[in-house]
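No value in this document is a laboratory result; all are computed from the given coordinates. In this text, all values refer to a predicted model and were calculated from it rather than measured experimentally. Please note: Cβ atoms are built from the backbone with ideal geometry, for glycine as well, and neighbour counts cover all protein chains shown.
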Amino acid sequence: MSKLSIESQSTMTDRYQTTVPTPVRKALNLTKRDKIKYTILGDGNVMISKVENHSDDPVLDKFLSFLENDMVNRPEHLVPLSENLQKQALTLTDGIPVDLDSVLHEEDD
């Protein structure tokens, strides 16, 4: 009896990121924001599996659910930042360089 095998590949970006290929996402039943676990086997092969949803912080999860529900049910509560608050944020972050396209150094990953 032979085992069914499906191969798929993806490309590593400069930031060590990759997209999980569709066949893998379907096989693991992955959805957005799911976590995946990598297990390095003794022979050097790597096994990928879905991390079952065990909340790291139940209080944060409840708070985020509250915010989500409030945004859906009361969109009028969403207001843009005032010009004054925007200026304050810019003042606080002045001089902090940000380049979203820069390559991450090994110590940053």
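When ILE6 is tested against (1) over 25 Å from the mean Cα position of the chain (by Cα); (2) more than 30 Å from VAL103 (Cα to Cα); (3) in a helix (DSSP H, G or I), exactly one condition is not met: (3).
The residues in region 37-52 that are surrounded by 10 or more Cβ atoms within 10 Å (Cβ to Cβ) and either of a type in the set (S, T, N, Q) or in contact with a Ser or Thr (Cβ under 7 Å, 6 or more places away or on another chain) (or both) can be counted, and the count is 2. In region 6-17, is there at least one residue being in contact with a strand residue (DSSP E or B) (Cβ under 8 Å, 6 or more places away or on another chain) and surrounded by 10 or more Cβ atoms within 10 Å (Cβ to Cβ)? No, region 6-17 contains no residue that is in contact with a strand residue (DSSP E or B) (Cβ under 8 Å, 6 or more places away or on another chain) and surrounded by 10 or more Cβ atoms within 10 Å (Cβ to Cβ).
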